[in-house]
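See structure below.
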Amino acid sequence: MSTILIVEDNAKNMKLVRDLLQHHGHRTLEAETGEAGLKLALQERPDLVLMDIQLPDIDGATVLARIREDRSLDAMPVLAVSASVMPEEQQRVVRSGFDGFIAKPISVKPFLAAVSKVLIEGGERRSAAPKVPGMTPQHILVVDDVEKNARLLADVLAARGYRTSKAASGEEALRAIAAEPPDLVLLDVMMPGLDGYAVCRAIRDDARSAMLPVVLVTALDPAQERIKGIEAGADDFVNKPVNQAELLARVRSLLRVKAYHDEIQRQKSELADWNRTLEQRVSDGVAQLERLGRLKRFFSPQLAQAIVGGDADDPLRSHRREITVVFLDLRGFTAFTETADPEEVMGVLREYHAAMGRLITEHEGTLERFTGDGIMVFFNDPVPVPDAAERAAHMALGMQAEVARLAEGWRRRGYELRLGIGIAMGFATIGAIGFEGRIDYGAIGTVTNLAARLCSEASGGDILVAPRVVAALGDGFVTAPAGEFSLKGIQRPVPVARVLGLR
């Protein structure tokens with residue numbers, strides 16, 4: 001689960017982004033002002049910051065600059081969120097040090113894709129980055145023929161934790177780069193001998209330094225010099241007299257790009273090593289990967305891995321087995337959907353599914369299907385367990401307790417919802433159901449119908465169980481007769497019991 005900080009002063013936008021992120025399993029932090037966002041970023045150190053540009057106190061770019069003053073947060077990704085669609089504005093935002101741009105109004109799929117991409121890249125960057133304290137400082141070469149200017153720039157950078165070295169001429173700079181390649185070069189334009197443009201071209205012509213970030217520092221006309229600098233291969237420009245905040249922002253931005261490039265080169269080298277043994281690995285692992293990919297459609301990764309490892313039979317092949325089936329759905333849900341807004345309905349379902357899904361996983365049940373508020377789970381397949389009925393009853397009691405807790409919040413919002421559960425035991429045919437484009441994992445048999453009918457008869461808060469379940473539970477549970485029920489599709493009346501709790 002990733003922690004994402006949302007800095008946004010618009011309540012509607014905040015709710016939309018928060019709901020999207022929480023629905024996809026992320027933890028969210030929220031701030032309505034730049035100062036509050038800065039405080040949370042420094043205290044909580046989230047995995048990602050979504051930063052609105054226009055804020056009521058300090059703007060998003062200022063917040064970013066102050067975050068980046070903490071060297072330990074250099075690897076933390078920050079995405080700009082803005083209503084501006086002008087390409088120049090988006091480019092300006094990215095140049096100021098943001099890791100990307102998300103336009104308002106939010107479009108769900110591109111938004112989630114951008115968040116996922118940046119979280120993955122941020123995780124790789126953090127794991128690859130040197131740790132603080134004791135991290136290896138990044139090395140910046142300052143090139144200026146005026147000692148006073150070089151010392152001033154070096155002191156500013158050293159105060160921010162960078163390691164600096166100096167060169168007094170273009171020729172000396174090229175020798176220094178060849179002897180100890182820096183992470184970035186601050187290069188004066190006007191120097192005797194080789195000027196800054198010639199040095200920049202020489203850096204780009206050498207394959208070993210072709211990707212080295214170069215920032216030109218000049219007191220000449222920016223419009224004229226920028227064209228010459230771009231032609232020479234410069235990455236950015238700083239005008240004299242140097243604005244320290246601007247200098248540091250540009251240095252940080254280019255060093256992040258350099259870190260990305262270095263990481264890509266490292267991964268490229270690793271990939272080359274892996275490829276040397278790829279044929280053997282593919283030969284050994286392709287069958288398991290295919291089976292694992294199929295099974296992950298239906299099971300938790302741990303269970304799928306166990307099946308592929310040979311600890312259980314292939315469940316996709318049709319087979320017959322005795323299982324314990326649990327059906328559950330919410331009482332009052334149909335009436336609720338007729339009066340509530342779709343957003344409210346989806347919010348309730350998200351809470352309900354998350355709570356039930358957690359309990360299903362904890363008790364190692366196999367989730368057969370979701371149908372709105374209806375859920376079917378079974379035990380003893382694909383991996384046989386000796387206590388299927390007990391697991392089902394424990395899970396059902398936990399579900400009733402969890403829904404009772406959720407119902408308190410729903411009731412305060414005007415929703416009266418309770419949970420009914422039916423449990424049955426018997427033989428079923430189990431396996432893959434569907435066609436090539438879509439496969440489900442299902443159980444077919446009288447036992448599934450019986451559990452569904454018991455669920456339909458259960459009042460809110462009830463757990464109704466068939467006779468075989470009562471016998472299998474033994475003395476560990478408190479049960480009470482509920483009478484004989486005439487159930488649709490079942491020829492004879494069924495003596496039913498209620499599970500009341502644990503002894």
Some residue of the range 379-388 being under 22 Å from residue 487 (Cα atoms) and either over 30 Å from the mean Cα position of the chain (by Cα) or charged (D, E, K, R) (or both): no
Of all residues in the range 490-499 being of a type in the set (Val, Ile, Thr) and part of a strand (DSSP E or B), the one that is surrounded by the most Cβ atoms within 10 Å (Cβ to Cβ): 499
Enumeration of residues in the range 23-44 that are surrounded by fewer than 16 Cβ atoms within 10 Å (Cβ to Cβ), within 21 Å of the chain's Cα centre (by Cα) and either at pLDDT below 90 or over 29 Å from residue 346 (Cβ atoms) (or both): 23, 24, 25, 42, 43, 44
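The rows are residues; the columns are (1) over 26 Å from residue 404 (Cα atoms); (2) without any contact (Cβ under 8 Å) to a residue 40 or more places away in the chain; (3) charged (D, E, K, R); (4) open to solvent by 20 Å² or more (accessible area, probe 1.4 Å).
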site: 429; (1), (2), (3), (4): yes, no, no, yes
site: 432; (1), (2), (3), (4): yes, no, no, yes
site: 448; (1), (2), (3), (4): no, no, no, no
site: 463; (1), (2), (3), (4): no, no, no, no
site: 472; (1), (2), (3), (4): yes, no, no, yes
site: 477; (1), (2), (3), (4): no, no, no, no
site: 484; (1), (2), (3), (4): yes, yes, yes, yes
site: 488; (1), (2), (3), (4): yes, yes, yes, yes
site: 501; (1), (2), (3), (4): no, no, no, no
Residue selected from the range 48-59 under the condition part of a loop (DSSP other than H, G, I, E, B) and touching a helix residue (DSSP H, G or I) at 6+ places or on another chain (Cβ under 6 Å), by the criterion farthest from residue 119 (Cα to Cα): 57
Residue list for the range 142-181, filter: part of a strand (DSSP E or B), open to solvent by less than 10 Å² (accessible area, probe 1.4 Å) and not small (Gly, Ala, Ser): 142, 143
Number of the condition not met by residue 201 [criteria: (1) in contact with a Gly (Cβ under 7 Å, 6 or more places away or on another chain); (2) open to solvent by less than 70 Å² (accessible area, probe 1.4 Å)]: (2)
Of residues in the range 407-450 being touching a strand residue (DSSP E or B) at 6+ places or on another chain (Cβ under 9 Å) and part of a helix (DSSP H, G or I), the one nearest to residue 461 (Cα to Cα): 407
Residue list for the range 460-485, restricted to those being under 41 Å from the mean Cα position of the chain (by Cα) and assigned to a strand (DSSP E or B): 463, 464, 465, 477
Test: residue in the range 483-494 that is among the charged types (D, E, K, R) and touching a Pro at 6+ places or on another chain (Cβ under 9 Å): yes
Residue match in the range 382-397 (condition: of a type outside the set (Val, Ile, Thr), more than 26 Å from residue 478 (Cα to Cα), buried (at least 17 other Cβ atoms within 10 Å of the Cβ) and in contact (Cβ under 8 Å) with a residue 60 or more places away in the chain): yes
Selection status of residue 484, of a type in the set (Asp, Glu) and closer than 15 Å to residue 327 by Cβ: no
Close pairs from the range 355-378: first more than 15 Å from residue 401 (Cβ to Cβ) and open to solvent by 40 Å² or more (accessible area, probe 1.4 Å), partner of a type outside the set (Phe, Trp, Tyr) and part of a strand (DSSP E or B), Cβ under 6 Å, at least 6 apart: 367/377; 369/376
Residue in the range 451-493 that is farthest from residue 420 (Cα to Cα), counting only those that are of a type in the set (A, V, I, L, M) and out of contact with any strand residue (DSSP E or B) (no Cβ under 8 Å at 6 or more places or on another chain): 471
Number of the exception - residue 459 against (1) in contact (Cβ under 8 Å) with a residue 60 or more places away in the chain; (2) polar (S, T, N, Q); (3) touching a helix residue (DSSP H, G or I) at 6+ places or on another chain (Cβ under 7 Å): (3)
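The values are calculated or read from the model by the stated rules, or taken from the named source; none is laboratory data. From a predicted model like this one, the values you see are computed outputs, not experimental measurements. As a convention, Cβ positions derive from the backbone with ideal geometry for all residues, glycine included, and neighbour counts pool all protein chains shown. In case anyone asks, the SASA skips ligands and DNA or RNA and just uses the protein heavy atoms, side chains included. Shrake-Rupley method; radii C 1.70, N 1.55, O 1.52, S 1.80 Å.
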